[in-house]
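Colleague: Got a structure here, written out as structure tokens. Questions coming.
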Amino acid sequence: MEFTVGQIAEVLHGTVEGRGDQQINRLAKIEEAQAGSLSFLANPKYEPHLYSTGATAVIVSRTLELRQPVAAALIRVDDPYTSFTALLEFYQQATRTGKRGVEEPAYMAASSRIGDNHYRGAFSYIGENCEIGADVVIFPHVVIGDRVKIGDGTILYPGAKIYAETVIGRHCVVHAGAVIGSDGFGFAPQPDGSYRTIPQIGNVVLQDNVSIGANATIDCATMGATTIREGAKIDNLVQIAHNVDIGRHTVVAAQTGISGSTKIGDFCVIAGQAGLAGHLTLANRTTVTAQSGVGKSIKEEGVFLQGSPAFGLRDSLRANALFRHLPDLERRLRLLEQKAQPPEKP
Amino acid sequence: MEFTVGQIAEVLHGTVEGRGDQQINRLAKIEEAQAGSLSFLANPKYEPHLYSTGATAVIVSRTLELRQPVAAALIRVDDPYTSFTALLEFYQQATRTGKRGVEEPAYMAASSRIGDNHYRGAFSYIGENCEIGADVVIFPHVVIGDRVKIGDGTILYPGAKIYAETVIGRHCVVHAGAVIGSDGFGFAPQPDGSYRTIPQIGNVVLQDNVSIGANATIDCATMGATTIREGAKIDNLVQIAHNVDIGRHTVVAAQTGISGSTKIGDFCVIAGQAGLAGHLTLANRTTVTAQSGVGKSIKEEGVFLQGSPAFGLRDSLRANALFRHLPDLERRLRLLEQKAQPPEKP
Amino acid sequence: MEFTVGQIAEVLHGTVEGRGDQQINRLAKIEEAQAGSLSFLANPKYEPHLYSTGATAVIVSRTLELRQPVAAALIRVDDPYTSFTALLEFYQQATRTGKRGVEEPAYMAASSRIGDNHYRGAFSYIGENCEIGADVVIFPHVVIGDRVKIGDGTILYPGAKIYAETVIGRHCVVHAGAVIGSDGFGFAPQPDGSYRTIPQIGNVVLQDNVSIGANATIDCATMGATTIREGAKIDNLVQIAHNVDIGRHTVVAAQTGISGSTKIGDFCVIAGQAGLAGHLTLANRTTVTAQSGVGKSIKEEGVFLQGSPAFGLRDSLRANALFRHLPDLERRLRLLEQKAQPPEKP
């Protein structure tokens, strides 16, 4: 992909200052940009970089007043951040998610249906009786089990594995290697100490605009559904157990694990490597910091939790501040003990 | 799949109370069931739900005496839990694990052998000189390396990756994306600070009735075998390093990591996100709580460990209870110090 | 594979003591070896095993003086460890990484180029405009996106997924199921509490001799590159977020997570299940112990960190030693309080 500065300015309804015939072949941050790059300046804090950037062109505000000469060409627009984001989205679509058509060999059972304007990469697999919407992008090596439903505009990256019966909404993104609908970890202990597998016959439901990270795993419900609600964002290598319910627009960062039947409210933020025990309920807008271990339900909205086991963030910070000074506390205690109990006379 | 209440009663040798001609198309918990669902009542605690359930039919004990009228049809059997579990297993088999035959294109080297009554999904791959049993279910996109042995009745879910030389027993389950036999993390430091890779030529052995979770990783031994013994259950995203030995009927929950050459006994329970250092030995029936970090061997059977670093559960609970009150302890200490050393007079 | 003791001695320029016509079909540790095995003795500590080993043959030093009779045949060489390692490497190459040729069906876009002497397994996928070197081993089910560059001698294990634009150096190893180049977890909060996805248009660069573990995930940069520098070794199930920079010959053990834009120096060691916050800088030769949570940058070289939150290893060990005795500290404090404030008289 290569465009001239002038072509990009035209698309953005901007005006060019400097040479409009130069070639642009990538987008870059203003402080890292090199020749051939287009960058942008939105935050005034970054203005000094404008005078030293290696970018071939920079998108700036129509109202920006220059304090020094600029080597890069300028594209002046009303809102540089919005214009640049539009370019980012265009670029990503052009290079990655805009694929259409079918690459052979691809497998789709005759009983399944898929909407118009889709991409099915080579070696992608669609089982029996699936209903898949329009504008769906199915990268190579995606596996879709029987009776799966997928809404319009959803993107499944390479090697995403969707077990039978899963329901996925519109405009979802499932990244490479993610597994949706694996069996919950349910085993009934037997008298001899061995375990009998409890059949897991529920499914997973992803509502609209859900994002699932690479190699994340989401188990199906024992019965009923494991549910990820509208707009929730799940990061890489997250584990979500059977019958969990994740609220709307809740964010779960990488490597966090959520145990069976736990229900997380809307607008929550669960940081990385946190762990939640099973059968808990977390109120809306709960925040859990990284590496915390949550063992109790939270009924009040807006609580911050930290620690393993987790408690209120403020108390946790104070306790941790003292933890590292434990040897000092112990020394002070010893001094007091010596004062209280003078050494016996010889 | 749709059956009438009467057909299901017949299979279960039960008797129908109410309309036997109604259609059943799914199984559900009694408190969540809607029209079309079949549920069950085994635990007396749930009896109140019987009188309000939306289920079309409920499996109950022959001896149950009704206290109120029931809208659902009843199927009376000797043991409702066992009957319902049988239906769950039948359902899972019918919808998921009962597949048979070969979907093309599937790849199997001419030198490999596989038993009768198997399923090989499209794009599944079987390398050279493999010996695979009967009734094996190989979902699409499974990769089986050279010289792998797999016992009868084992199920490999989509995208499971089995490295060369792996040995898998009978009636094992490997979930989607699990990797069995990747190289151990073995690197010899060189004088210049770089690392030389130590070739890993051992393998992984899964004995009978082992279950491996989605996207779990089990490294091969440097030499010899990494061994998961009979009936052990390994959850999603667990990491098991080279030369580890997991005992019979031991359970390892999600996201736990076990370092190289550690040996875990039989009937142990390792909860989620725990970490075990290398070269340890844990006695039979050891329990490790979630997020614990175990750095020492345990010789006595039946020990409970908690914390990072982990020690006995009881001591850990008491220490944690005080940890959150550290600011209070410090305040008490300060008061005593003030009493012991009155402020100097001006 | 089967060789005689004599054949192996010839390859190693060694001399045989005992029967050279016996068959060898595997390599094993001296303390575990059984009939048919070849083992080695380098560390004098293991010499007692020489007199009891079940190995058919053992590689020993030319200068070793026997103290007892040995049942195994001996192959005497100058340096037993180096000779044995050479055999290990030969064995791994012969059984695993020495594959060449193309298994059909394999997919490679007509616009892509690959060097001589390569292996492309069945169902492997190579997108548009890729440039792939010579002697590259691409196992079945590898997915390589568009415009990817891969250097000579690199090995991609089954189901490794390389997103578009990734750059991989020479002699790298990417293990099964690893995902290189998935989208960074970047979402801009909106006024209504929902999130808008920030397009991630950067890539991942792996320099030469990098190793990536099974099911690890490495996100692409928002813009620019997520970089893993020369000789770095990344273990299974590690999460590396967008724009992270991992230094030369740095080792990151299993299940560790590194948040966005963090820069780790050269020759660092990050143990398992550790977590690093975003936008940190760690100096060269920093060591982070297992399960630690690092929240601050480290400017000084050679620091050891432990704990969550992490601080200096020595202080951490002392604080942890007292942590488990908190109940005892509290008891001592209570005694002092009682002494300082005698019970009121009735």
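Colleague: Tell me the distances, shortest first, between B:R62 and the same position across the other copies, using label points 7 Å along Cα→Cβ, in nm to one decimal.
Modeller: 8.6, 8.6
Colleague: Right, here's the next one. Fully extended, how many nm does the chain gain between C:K339 and C:D208 (0.36 nm per residue separation, minus their Cα-Cα distance)?
Modeller: Fully extending the segment from C:K339 to C:D208 adds 40.3 nm.
Colleague: Can you tell me which of C:G213, C:G278, C:G36 moves the most in a GNM of chain C? Springs connect C-alpha atoms under 10 Å apart.
Modeller: Of C:G213, C:G278, C:G36, the Gaussian network model singles out C:G36 as fluctuating most.
Colleague: If you don't mind, there's one more thing I want to ask. Nearest 500 deg cm²/dmol is fine: what mean residue ellipticity at 222 nm does the protein assembly as shown get from its DSSP H runs of n ≥ 4 alone, each adding -39,500 (n - 2.57), divided by its residue count?
Modeller: About -4000 deg cm²/dmol.
Colleague: Say we join alpha carbon atoms closer than 10 Å with springs in a Gaussian network model of chain B; which of B:A110, B:A216, B:A290 then has the biggest fluctuation?
Modeller: So, out of B:A110, B:A216, B:A290, the one fluctuating most is B:A110.
Colleague: Once you sort the root eigenvalues of the Cα gyration tensor of segment C:1-79 as a ≥ b ≥ c, which label holds: rounded (a/c under 1.5), prolate (a/b larger than b/c) or oblate (the other case)?
Modeller: oblate
Colleague: Assuming R0 = 51 Å, what is the FRET efficiency of B:E47 and A:R100, from their Cβ-Cβ distance, to the nearest 0.05?
Modeller: 0.35
Colleague: If you don't mind, there's one more thing I want to ask. Provide the per-residue ³J(HN,Hα) series for segment B:233-248, in order, calculated from phi with Karplus coefficients 6.51, -1.76, 1.60 and θ = phi - 60°, each as a whole number of Hz, with x at glycine and proline positions.
Modeller: 3J(HN,Hα) across segment B:233-248, in whole Hz: 10, 10, 8, 4, 6, 7, 10, 10, 7, 4, 6, 5, 10, 9, x, 5.
Colleague: Next up: Can you figure out the FRET efficiency of B:A109 with C:E89, using R₀ = 22 Å and their beta-carbon distance, to the nearest 0.05?
Modeller: 0.30
Colleague: Also, quick follow-up: Which value, in Å² and to the nearest 10, is the accessible area of B:E17 when all protein chains are kept and the probe is 1.4 Å?
Modeller: Accessible area, nearest 10 Å²: 80 Å².
Colleague: Can you give the FRET efficiency for C:D21 and B:R196, using 1/(1 + (r/R0)^6), R0 = 51 Å, r = Cβ-Cβ distance, to the nearest 0.05?
Modeller: The formula returns an efficiency of 0.90 here.
Colleague: In addition: Relative contact order of segment C:3-96, please, whole-number percent, based on alpha carbon pairs below 8 angstrom and at least 6 residues apart.
Modeller: Relative CO of segment C:3-96 lands at 27 percent.
Colleague: I would also like to ask the following. I need the inter-copy label distances for A:Q34: point set 7 Å along Cα to C-beta, values in nm with one decimal, smallest first.
Modeller: Its label point is 5.7, 5.7 nm from the equivalent points in the other copies.
Colleague: Put a point 7 Å out from Cα along the line to Cβ at B:E89; what are the distances to that point in the other copies, in nm, shortest first?
Modeller: Relative to the other copies, B:E89 has label-point distances of 5.3, 5.3 nm.
Colleague: Measuring with a 1.4 Å probe in the full set of protein chains, what accessible area per residue, in whole Å², belongs to chain A?
Modeller: Per-residue value: 41 Å².
Colleague: Only Cα pairs under 8 Å and at least 6 apart count here; give the relative contact order of segment B:101-316 as a rounded whole percent.
Modeller: Answer for segment B:101-316 is 9 percent.
Colleague: Take the alpha carbon gyration tensor of the protein assembly as shown, find the square roots of its eigenvalues, order them as a ≥ b ≥ c, and report rounded if a/c is under 1.5; if not, report prolate when a/b exceeds b/c, else oblate.
Modeller: It is rounded, given that a/c, with a ≥ b ≥ c, falls under 1.5.
Colleague: OK, next. Could you list which residues have their amide H under 5 Å from that of C:E128, counting only those 5 or more apart in sequence or on another chain, with H placed in the peptide plane?
Modeller: Residues meeting the amide H criterion: C:D146, C:R147.
Colleague: A further question follows. Would you pull out the residues with amide H under 5 Å of B:A216's amide H, same chain only if 5 or more places away, H placed 1.01 Å from N?
Modeller: B:A178, B:V179, B:L237, B:V238
Colleague: Can I ask one more? Measuring from label point to label point, each 7 Å out along Cα→Cβ, what is the C:N129 to A:N117 span in nm?
Modeller: In this crude spin-label approximation the distance works out to 2.4 nm.
Colleague: Let me ask something else about it. Averaged over every viewing direction, what's the projected area of the C-alpha convex hull for segment C:150-205? Give it in nm², one decimal, please.
Modeller: 4.4
Colleague: Say each of C:L66 and B:E10 gets a label point 7 Å from the Cα, pointing the same way as Cα to Cβ; how far apart are those two points in nm?
Modeller: For C:L66 paired with B:E10, the spin-label model returns 7.8 nm.
Colleague: What's the carbon and sulfur percent of chain C's accessible surface, probe 1.4 angstrom, rounded to a whole number?
Modeller: Carbon-and-sulfur percentage of accessible area, whole number: 51.
Colleague: Report the Stokes-Einstein translational diffusion coefficient (µm² s⁻¹, integer) for segment A:101-316, Rh taken as the Kirkwood radius over Cα pairs, at 37 °C with viscosity 0.692 mPa s.
Modeller: 187
The values are calculated or read from the model by the stated rules, or taken from the named source; none is laboratory data. Predicted, not measured: the structure shown is a model, and the values here were computed from it. Backbone-built Cβ (ideal geometry, glycine too); neighbour counts: all protein chains shown. The protein model used for the area step is the full one, side chains on, heavy atoms only, and it has no ligands, DNA or RNA in it. Shrake-Rupley method; radii C 1.70, N 1.55, O 1.52, S 1.80 Å.
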